[in-house]
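Take a look at the structure set out below.
The values are calculated or read from the model by the stated rules, or taken from the named source; none is laboratory data. Just so you know, these numbers come straight off a predicted model, no measurement behind them. Don't worry about glycine lacking a Cβ; one is built from the backbone with ideal geometry, like all the others, and counts go over all protein chains shown.
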Amino acid sequence: MHLEKIRLFNFRNFKELEADFSKGLNIFFGDNAQGKTNLLEAIYFLCNLKPVRTNKEQHLIFFEEEKAYLKGVFSTFFGSVDREIWLNLGDKKKVRECGVEKKRFSELFWQIHAVFFSPDDLSLVKGKPSERRRFLDLIISRLRPKYGRYLAEYNRALFQRNILLKQLKHNRTLISALEVWDEQISELGTAILKTRMDFLEKLYPWVKKYYLYFSRDERQLELNYENTCFTEKILPDSFREAYALALRKSLPHDLESGFTQVGPHRDDLQFLLGGRDLRYFGSQGEQRTLCLSIKFAEMRMFFEVTGISPILLLDDALSELDKYRRKWILEENKEWQVFVTTSDISAIPDDILKKGSVFRIEAGTLGRWF
Ligand SMILES: Nc1ncnc2c1ncn2[C@@H]1O[C@H](COP(=O)(O)OP(=O)(O)OP(=O)(O)O)[C@@H](O)[C@H]1O
């Protein structure tokens, strides 16, 4: 799968843009603040329907404008797929694929996926637990279509339970109504937990392998799922029972706070290097290498499960790597479509430059360099 063409209108600092890309390596270079990251974000948004640097989609619309439009034409195993997105201030985005409006993420063509890495963005490791859950939920929804449904239903039931908890603060006669939500939540929550843990078990060997490759650090890297429902190791068959028990135990706190304190919406990921938690004790370099390794593991997992390589977006990441690893990313991964940004074109050897398409970005305009 690769992105053949892009068309943008009023997206970030691009008033209008149209470009054709190469199947392999594409390099965007230019001075600071010209639009290199914005263009990667446009590609990411087209693929994953989420912005990279903000939670607010309105931020993607050109300053002072009300609408933005993006179109991507993807070449896939099943032929050409075009995806269009309309953003409107004060309204929900509209998405169309091959001319048909799509209401849900799960209805979109599953092969299209992008992985973004920027050395400045360490939120996956350093950020709030919600950032790590967001990462897990996005990739798992892509690979296991049922997971998106579990999540949506879980969030609906959780929302209702939380409303009820707030009402119970003033009126305890409604307490029996909790049962129905607890029943649903423990069933859906168990499905989410099992899927996440199973996914992490498969992701972990790749993260470990890439971490060793990029860092050459021989210390043991561990990836643990921090579960708010039960901490001791229990068999998956007992998850549901343990989950229901955890909900019952946490009821006094839930009633006090008006919020459900346990469940996948509160869980986290833990990364240990030589027994120390990298979220709190890792150096910037270790955290960066871990992020990069997780992103490569994500690429690899997607490939293992679907047989399709996602699009790799590397924002100013080359300076982080020595020449062998740089060469490995840019040259040896022939099955990936890669978009790379750099403000220093001389960091890329001539022989590699010649193999890719090189574009210069200047004040929101894109020109083909060669
Ligand atoms: N919604 C928007 N409308 C118009 N311009 C925007 C919008 N959002 C961001 N910008 C502008 O886009 C410009 C380019 O940003 P971008 O992050 O893409 O630069 P860059 O080329 O990656 O720079 P650097 O090399 O410094 O990372 C910035 O000056 C920013 O203010």
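Before moving on, here are some points about what is shown:
- Scan of region 77-103 for residues that are in contact (Cβ under 8 Å) with a residue 40 or more places away in the chain, loosely packed, with under 12 Cβ neighbours inside 10 Å and farther than 30 Å from Ser293 by Cα, ordered by number: Ser80
Residue by residue, here is whether (1) closer than 27 Å to Phe239 by Cα; (2) in contact with a strand residue (DSSP E or B) (Cβ under 9 Å, 6 or more places away or on another chain) holds:
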position	(1), (2)
Phe77	no, no
Val81	no, yes
Val115	no, yes
Gly127	no, no
Leu143	yes, no
Ala152	yes, no
Phe159	yes, no
Thr173	no, no
Leu188	yes, no
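- Asp91 fulfils the conditions (1) part of a helix (DSSP H, G or I); (2) away from the ligand (no atom under 13 Å from the Cβ); (3) more than 25 Å from Met1 (Cα to Cα) except for a single criterion, (1).
- The set of residues in region 346-362 that are of a type in the set (A, V, I, L, M, F, W, C) and either surrounded by fewer than 16 Cβ atoms within 10 Å (Cβ to Cβ) or part of a helix (DSSP H, G or I) (or both) comprises Ala347, Ile352, Leu353.
- Pairing each residue of region 271-298 that is loosely packed, with under 13 Cβ neighbours inside 10 Å with any residue that is of a type in the set (Lys, Arg), provided the two are 6+ apart or on different chains, yields C-beta distances under 7 Å for Gly274/Arg219.
- Every residue from region 225-254 that is small (Gly, Ala, Ser) and part of a helix (DSSP H, G or I): Ser238, Ala242, Ala244, Ala246
- For region 351-359, the condition of being under 30 Å from Ile61 (Cβ atoms) and within 16 Å of the ligand (Cβ to nearest atom) holds for at least one residue.
- Unmet requirement for Phe303, which otherwise passes all of (1) closer than 23 Å to Ile140 by Cβ; (2) surrounded by 21 or more Cβ atoms within 10 Å (Cβ to Cβ): (2)
- Yes/no for Val180 being closer than 24 Å to Leu273 by Cβ and hydrophobic (A, V, I, L, M, F, W, C): no
- Single residue of Arg266, Arg326, Arg279, Arg288 found to be at pLDDT 95 or above and either of a type in the set (Lys, Arg) or assigned by TED's automatic domain parsing to the domain that holds Ala42 (or both): Arg266
- Of residues in region 62-81 being part of a strand (DSSP E or B) and within 16 Å of the ligand (Cβ to nearest atom), the one nearest to Lys23 (Cα to Cα): Leu70
- For region 27-37, the set of residues classified as without any contact (Cβ under 8 Å) to a residue 40 or more places away in the chain and in contact with a helix residue (DSSP H, G or I) (Cβ under 9 Å, 6 or more places away or on another chain) is empty.
- Sole residue being in contact with a Gly (Cβ under 8 Å, 6 or more places away or on another chain), of a type outside the set (Val, Ile, Thr) and farther than 20 Å from Leu8 by Cα, chosen from Phe117, Phe105: Phe105
- Scanning region 52-67 for residues that are among the β-branched types (Val, Ile, Thr) and either free of Cβ contacts under 8 Å to residues at least 12 places away in the same chain or more than 11 Å from Arg12 (Cα to Cα) (or both) gives Val52, Thr54.
- Single residue of region 20-61 satisfying the filter (of a type in the set (A, V, I, L, M, F, W, C) and surrounded by fewer than 18 Cβ atoms within 10 Å (Cβ to Cβ)) that is farthest from the ligand (Cβ to nearest atom): Leu49
- Any chance Phe259 is part of a loop (DSSP other than H, G, I, E, B), closer than 30 Å to Leu164 by Cα and modelled with pLDDT of 95 or more: yes
- Total residues in region 11-26, condition in a strand (DSSP E or B), touching a helix residue (DSSP H, G or I) at 6+ places or on another chain (Cβ under 9 Å) and modelled with pLDDT of 95 or more: 4
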